Amino acid sequence: MKMSSLRKVALFAVTSATLAFAGTALAQQPRVLKIQSAVPPSSTTHDALKFFAERVDKLTGGNLKIEALPGGAVVPPFEILDATHKKVIDGAYGISYWWYGKSVTATLFANTPAGIFGMDAVDFIGWVYEGGGLDLWNEFYQKELKLNLVAFPSIPPSPQALGWFKRPIKDLPDFKGMKCRQTGIVSQLYAKMGMAVVNMPGGEILPAAERGTIDCAEWVGGIEDLRLGLHTVWKYHYTPGMHESASVAEIAINKDVWDSLPPQNQEAIKSATTETFLRLVGQLPATKRGRDRRV
């Protein structure tokens, strides 16, 4: 009887220890958030998302991981905001003027010509974090557009070039009749100048150019445009542009997902967004500087 009791005690102890170990191991499993960008995997913007993911991983000691997905991986590029709202993905890495079709107010948080004048990217960040801009940004998404999102600034993809053209641009009338990829509220401005405008994600621009369905395109400029391959189709490139002197992109996370994160992980994401922004500002002289040229 004594031996049987001892065996029961030993079995209970082993079982308890095993369950405790399993519980600890389960608790230590990292959480993974799926965040999709709206750009091709070759883009520096997607490089920035991967850098952000690396920083979150290190700042949380591997407790939180970001799966950095390129445009089209789960949903079409321009559907990332709605997909995040619906929890199809956990987050969207884009720029707010893409959503001007929902409301033209969206462009205010990307600093296009209809947005906030007189600021560079660093000034803009000052307004966002110190001047109430971030509160307005999230109020706009949550209360005006009824989207269950939390947004933060991500990178400064500007100043941007005027674009690539199949023929020289010498004066305003040269824009007339050309069919060009333009995006956001800027497309309305170019349409008034006589340009036929069409919006499309970055990954669709080169195929459209090769087919001859568009005559020109605005993407970003510098290394971004070269990675996209626009120079292989068109030979006329002009910079700087008139439309985006100090744009700021965004990362939007589903609010339920955000609220479920421990405060330390939320702070890690905030710090990683700021660091990513700063590192991309540091790349601007190398990636965005240019001059009017024929290639």
> How many of the residues making up the stretch 107-152 are at pLDDT below 95, open to solvent by less than 40 Å² (accessible area, probe 1.4 Å) and part of a helix (DSSP H, G or I)?
Replying inline: 8
> Applying the selection to the stretch 232-243, what residues are under 21 Å from Ser42 (Cβ atoms), modelled with pLDDT of 95 or more and open to solvent by less than 70 Å² (accessible area, probe 1.4 Å)?
Replying inline: Val233, Trp234, His237
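Listed here are the residues, each with its yes/no results for (1) modelled with pLDDT of 95 or more; (2) crowded, with 19+ Cβ neighbours inside 10 Å; (3) assigned to a loop (DSSP other than H, G, I, E, B).
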{"site": "Tyr190", "(1), (2), (3)": "no, yes, no"}
{"site": "Ile205", "(1), (2), (3)": "yes, yes, no"}
{"site": "Ala208", "(1), (2), (3)": "yes, no, no"}
{"site": "Thr213", "(1), (2), (3)": "yes, no, yes"}
>> For a quick check of your reading of the model, give me the residue pairs whose first member lies in the stretch 243-270 and is farther than 17 Å from Asp57 by Cα, whose second is among the basic types (Lys, Arg) and open to solvent by 10 Å² or more (accessible area, probe 1.4 Å), with beta-carbon atoms closer than 6 Å and at least 6 apart or on different chains.
In response: Asn254/Lys87
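With the requirement that a residue be free of Cβ contacts under 8 Å to residues at least 12 places away in the same chain and not basic (Lys, Arg), what does the stretch 150-173 give you? Walk me through it before giving the result.
First, pick out the residues of the stretch 150-173 that are free of Cβ contacts under 8 Å to residues at least 12 places away in the same chain: 170-171.
Answer for the stretch 150-173, where residues must be free of Cβ contacts under 8 Å to residues at least 12 places away in the same chain and not basic (Lys, Arg): just Asp171.
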>> Suppose we filter the stretch 163-172 for residues that are out of contact with any helix residue (DSSP H, G or I) (no Cβ under 7 Å at 6 or more places or on another chain) and buried (at least 19 other Cβ atoms within 10 Å of the Cβ); how many remain?
In response: 2
>> Criterion first (crowded, with 18+ Cβ neighbours inside 10 Å, at pLDDT 95 or above and more than 13 Å from Phe165 (Cα to Cα)) does Val220 satisfy it?
In response: no
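Does the stretch 173-180 contain any residue that is touching a Leu at 6+ places or on another chain (Cβ under 9 Å), modelled with pLDDT of 95 or more and either crowded, with 19+ Cβ neighbours inside 10 Å or more than 25 Å from Ile116 (Cβ to Cβ) (or both)? First the steps, then the outcome.
First, the residues of the stretch 173-180 that are touching a Leu at 6+ places or on another chain (Cβ under 9 Å): none.
There is no residue in the stretch 173-180 that is touching a Leu at 6+ places or on another chain (Cβ under 9 Å), modelled with pLDDT of 95 or more and either crowded, with 19+ Cβ neighbours inside 10 Å or more than 25 Å from Ile116 (Cβ to Cβ) (or both).
Consider the stretch 156-166. How many of its residues are assigned to a loop (DSSP other than H, G, I, E, B) and at pLDDT 95 or above? Let's see the steps before the verdict.
Our first condition is that a residue be assigned to a loop (DSSP other than H, G, I, E, B); within the stretch 156-166, this holds for 156-162, 166.
Those left that are additionally at pLDDT 95 or above: 166.
Counting residues in the stretch 156-166 that are assigned to a loop (DSSP other than H, G, I, E, B) and at pLDDT 95 or above gives 1.
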> Taking the condition under 26 Å from Trp98 (Cβ atoms) and either at pLDDT 95 or above or not small (Gly, Ala, Ser) (or both), does Val257 pass?
Replying inline: yes
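The values are calculated or read from the model by the stated rules, or taken from the named source; none is laboratory data. Just so it is clear, the structure is predicted and the values come from calculations on it, not from any experiment. With ideal geometry, Cβ positions are generated from the backbone for all residues, glycine too; neighbour counts draw on all protein chains shown. Note: areas computed on protein heavy atoms with side chains; ligands, DNA, RNA excluded. Shrake-Rupley method; radii C 1.70, N 1.55, O 1.52, S 1.80 Å.
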